[in-house]
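K.L.:
Have a look at this one before I ask anything.
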Amino acid sequence: MIPRVSLSPQGPAFSRLVYGTWRFLDDPATAHSDDLLKRLHACLDLGVTTLDTAEIYGLYRVEEFIGQTLKKEPGLREKFEIVTKSGIYVPCDFHPDRKVAHYNATAARIVKSAEKSLRLLGTDYIDLLLVHRPDWLTSADETAEGLNRLLKDGKIRSAGVSNYNVHQFELLNSRMDQPLVTNQIEFSLLHMDPIYDGTADQCQKLGIKPMAWSPLAKGALMNPQDPAGARLLKKAVELSPKYGNATLDQLAYAWILAHPSQPLPIIGTNKLERLIATAQAADIRLEREDWYGLWEAAQGHGVP
């Protein structure tokens with residue numbers, strides 16, 4: 001079973017692996033409620049109780065798909081923690097009035113988007129709402145006003161951010177009535193920025209756990225045509241017998257899980273078998289030299 005952890009000293013408690021919904025509508029073969037119900041029950045069997053979504057996913061249609069699925073089985077929603085995000089607005093069929101892609105983290109927009117998410121998801125509360133991207137035209141006071149209002153009204157139980165740098169996080173957090181509980185960041189063997197730019201260090205300092213999106217670098221780290229992918233595949237063949245015949249993707253998840261900031265990787269798959277296989281990564285404990293060996297394979301050189 002996947003363990004549960006507290007995102008921050010005050011909570012909330014989430015599963016250490018999170019099921020991501022970004023690609024839910026990409027595959028027509030799996031984009032229906034019966035298939036999703038099977039995957040949700042598999043998640044519960046594995047101990048994966050946290051769902052990550054966003055209003056923009058599926059060009060604003062994934063939240064409704066999740067809501068329709070949860071309605072099919074009374075009581076299912078209460079078995080999951082739901083994370084959603086707001087703040088990215090792009091021209092599309094759902095919003096034909098929009099002409100230019102932009103960010104909006106004003107108080108009014110945050111509240112309006114959250115209320116829309118509640119309606120589409122068919123729930124009375126959101127466990128965690130994240131500001132999806134920093135909005136360069138909105139002050140921290142304005143963004144905090146919207147989040148604080150939603151927290152006070154009980155429409156969201158906790159708030160956080162996504163893709164914020166250290167200074168942006170610190171500024172917004174200073175305006176919050178209830179501290180931010182996470183920063184959802186891109187983190188993988190092919191995107192190690194959080195290790196170097198202070199983001200992961202800030203999480204450790206504050207006692208919060210980051211969430212890691214795109215832990216497989218959108219599949220690039222398993223591409224043998226990519227130089228880094230080829231090196232990682234070679235390293236995985238070497239390490240696999242030592243870790244129960246683990247695959248490269250399992251080792252990649254284990255590499256993230258081993259970091260002392262204790263990230264929560266987000267699994268993005270519509271295939272039940274891959275979901276089950278990925279969950280096994282939580283049992284892999286990489287030895288120090290093997291962690292650095294994967295770092296070396298990804299970077300193409302040894303440590304400085």
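The values are calculated or read from the model by the stated rules, or taken from the named source; none is laboratory data. This is a predicted model, so every value here is computed, not measured. Reconstructed Cβ throughout: ideal geometry from the backbone, glycine too, with neighbour counts over all protein chains shown. To get the accessible areas, we keep the full protein, side chains included, count just its heavy atoms, and leave off ligands, DNA and RNA. Shrake-Rupley method; radii C 1.70, N 1.55, O 1.52, S 1.80 Å.
K.L.:
Among (1) touching a residue at least 40 places away in the same chain (Cβ under 8 Å); (2) within 21 Å of LEU216 (Cβ to Cβ); (3) within 16 Å of the chain's Cα centre (by Cα), which single condition is ASP26 missing?
P.N.:
Among (1) touching a residue at least 40 places away in the same chain (Cβ under 8 Å); (2) within 21 Å of LEU216 (Cβ to Cβ); (3) within 16 Å of the chain's Cα centre (by Cα), the lone unmet condition for ASP26 is (3).
K.L.:
Quick one: is LEU150 outside any loop (DSSP other than H, G, I, E, B), more than 25 Å from PRO265 (Cβ to Cβ) and aliphatic (A, V, I, L, M)?
P.N.:
It is true that LEU150 is outside any loop (DSSP other than H, G, I, E, B), more than 25 Å from PRO265 (Cβ to Cβ) and aliphatic (A, V, I, L, M).
K.L.:
Go through (1) out of contact with any Leu (no Cβ under 8 Å at 6 or more places or on another chain); (2) over 30 Å from ASP34 (Cα atoms) one by one and return the number of the condition LEU239 breaks.
P.N.:
So LEU239 meets the others, but not (1).
K.L.:
Among the residues of the range 63-97, how many are closer than 22 Å to VAL111 by Cα and buried (at least 23 other Cβ atoms within 10 Å of the Cβ)?
P.N.:
Result for the range 63-97: 8.
K.L.:
Is there a residue being assigned to a loop (DSSP other than H, G, I, E, B), of a type in the set (A, V, I, L, M, F, W, C) and more than 15 Å from the chain's Cα centre (by Cα) anywhere in the range 178-185?
P.N.:
yes
K.L.:
A further question on this structure: Limited to the range 174-207, what total is found for residues that are of a type outside the set (A, V, I, L, M, F, W, C), farther than 17 Å from SER6 by Cβ and open to solvent by 20 Å² or more (accessible area, probe 1.4 Å)?
P.N.:
10
K.L.:
Let me ask you something else. Being within 19 Å of the chain's Cα centre (by Cα) and farther than 19 Å from ARG61 by Cβ is the filter here, so list the residues in the range 81-102 that pass it.
P.N.:
GLU81
K.L.:
Please work out which residue is most open to solvent (accessible area, probe 1.4 Å), limiting yourself to the range 43-62 and to residues that are touching a strand residue (DSSP E or B) at 6+ places or on another chain (Cβ under 9 Å) and farther than 15 Å from PHE80 by Cβ.
P.N.:
LEU59
K.L.:
Follow-up question, since we're still on this one. Determine if the range 133-150 includes at least one residue that is charged (D, E, K, R) and either touching an Asp or Glu at 6+ places or on another chain (Cβ under 7 Å) or free of Cβ contacts under 8 Å to residues at least 24 places away in the same chain (or both).
P.N.:
So far as the range 133-150 goes, no, none of its residues is charged (D, E, K, R) and either touching an Asp or Glu at 6+ places or on another chain (Cβ under 7 Å) or free of Cβ contacts under 8 Å to residues at least 24 places away in the same chain (or both).
K.L.:
While we're on this one: Helices (runs of 4 or more DSSP H) wholly in the range 217-304 with at least 2 residues that are open to solvent by 30 Å² or more (accessible area, probe 1.4 Å), of a type outside the set (Val, Ile, Thr) and more than 21 Å from TYR196 (Cβ to Cβ) - which ones?
P.N.:
227-239, 272-279
K.L.:
Considering only the range 54-102, state which residues are within 19 Å of LEU17 (Cβ to Cβ) and in contact (Cβ under 8 Å) with a residue 60 or more places away in the chain.
P.N.:
ALA54, GLU81, VAL83, LYS85
K.L.:
Checking the conditions here, which among ARG4, ARG39, ARG23 is more than 25 Å from ARG157 (Cβ to Cβ) and either open to solvent by 40 Å² or more (accessible area, probe 1.4 Å) or of a type outside the set (A, V, I, L, M) (or both)?
P.N.:
ARG23
K.L.:
Can you name the condition, by its number, that HIS167 falls short on among (1) touching a residue at least 12 places away in the same chain (Cβ under 8 Å); (2) in a helix (DSSP H, G or I)?
P.N.:
Of (1) touching a residue at least 12 places away in the same chain (Cβ under 8 Å); (2) in a helix (DSSP H, G or I), only one is false for HIS167: (1).
K.L.:
While we're here: Exactly one of (1) more than 17 Å from ALA217 (Cα to Cα); (2) touching a Pro at 6+ places or on another chain (Cβ under 7 Å) is unmet by TYR253. Its number?
P.N.:
Unmet for TYR253, out of (1) more than 17 Å from ALA217 (Cα to Cα); (2) touching a Pro at 6+ places or on another chain (Cβ under 7 Å): (1).
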